[in-house]
Amino acid sequence: MGKRIIQQARGHGSLTYRVKSKAYKYEVKYPPLNVTGKAKVIELINSPAHSAPLIKIKPNNGKVFYNLASNGIYEGQEIEIGNKEIKNGNILMLKDIPSTTNIFNIEVNPGDGGKLVRTSGNTSIITKKDNGKVAVLMPSKKEIWFDEKCRATIGIIAGQGRLEKPIVKAGNMWYKKKAKNKLWPRTSAVKMNAVDHPFGSGRGKRIKSKIAKLNAPPGAKVGHLHPRRTGKSKK
């Protein structure tokens with residue numbers, strides 16, 4: 001009798017495959033839309049769950065919140081929320097930011113707190129504006145239109161070059177993945193024993209990839225996604 005494969009074990013959500021809750025105790029978001037004016041960077045934070053450092057910000061007329069640190073920001077620096085001044089770390093609406101400006105942590109809908117461009121070293125660029133919409137060139141080189149009332153942060157996210165440093169030891173990578181509950185190391189299915197995976201032992205290994213049946217249970221639904229149809233297409 002076989003045992004549960006790793007997909008099932010991870011889906012069960014035991015402590016072995018669950019990230020520590022304290023890793024995500026800092027939530028990156030913007031203050032409510034009615035909070036504007038000056039704010040002060042209280043602290044720079046190294047969060048294990050985020051690829052970039054975070055900053056703790058205290059507005060003059062609002063509660064403390066956390067944002068991604070822009071490159072060059074420092075503790076004690078004053079930033080503006082909602083003002084039209086273009087300065088590193090300031091939080092503005094897209095309509096108030098001129099074209100060719102680097103921005104990050106962009107809201108998809110006004111007031112949602114920022115959803116896009118949030119990894120270390122990343123940035124996007126405002127390209128054009130038209131009828132209440134603002135076009136932004138994303139890091140993927142794709143242009144996306146946003147509502148002009150969506151907010152973003154000026155600058156480039158800190159932590160650029162993070163992936164250029166060599167890992168050197170497998171132990172370093174293990175701790176990095178452990179902090180975010182990522183599956184590592186990734187073992188090929190055919191290298192496993194037969195009890196650990198449907199592809200295990202290598203006996204009867206196909207040249208073509210396996211397509212899982214639509215009604216296969218979670219422990220056996222492995223391989224390629226099932227196509228809508230099979231056979232030669234009729235023109």
Take the residues of the stretch 194-235 that are at pLDDT below 80 and among the β-branched types (Val, Ile, Thr): which is surrounded by the fewest Cβ atoms within 10 Å (Cβ to Cβ)?
ILE207
Condition met for ILE126 (more than 19 Å from the chain's Cα centre (by Cα), farther than 21 Å from ALA52 by Cα and of a type outside the set (Phe, Trp, Tyr)):
yes
Just to be sure before I move on: is LYS22 among the basic types (Lys, Arg) and either outside the structural domain of CYS150 (by TED's automatic domain parsing) or out of contact with any helix residue (DSSP H, G or I) (no Cβ under 7 Å at 6 or more places or on another chain) (or both) in the structure I sent?
yes
Please specify each residue of the stretch 101-146 satisfying the condition of being crowded, with 20+ Cβ neighbours inside 10 Å, small (Gly, Ala, Ser) and without any contact (Cβ under 8 Å) to a residue 60 or more places away in the chain.
SER124
Condition met for GLY114 (within 21 Å of the chain's Cα centre (by Cα) and under 22 Å from LYS29 (Cβ atoms)):
yes
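The values are calculated or read from the model by the stated rules, or taken from the named source; none is laboratory data. This one's a predicted model, so the numbers in the text were calculated from it and none came from an experiment. Ideal geometry is used to build each Cβ from the backbone, glycine not excepted, and the neighbour counts take in all protein chains shown.
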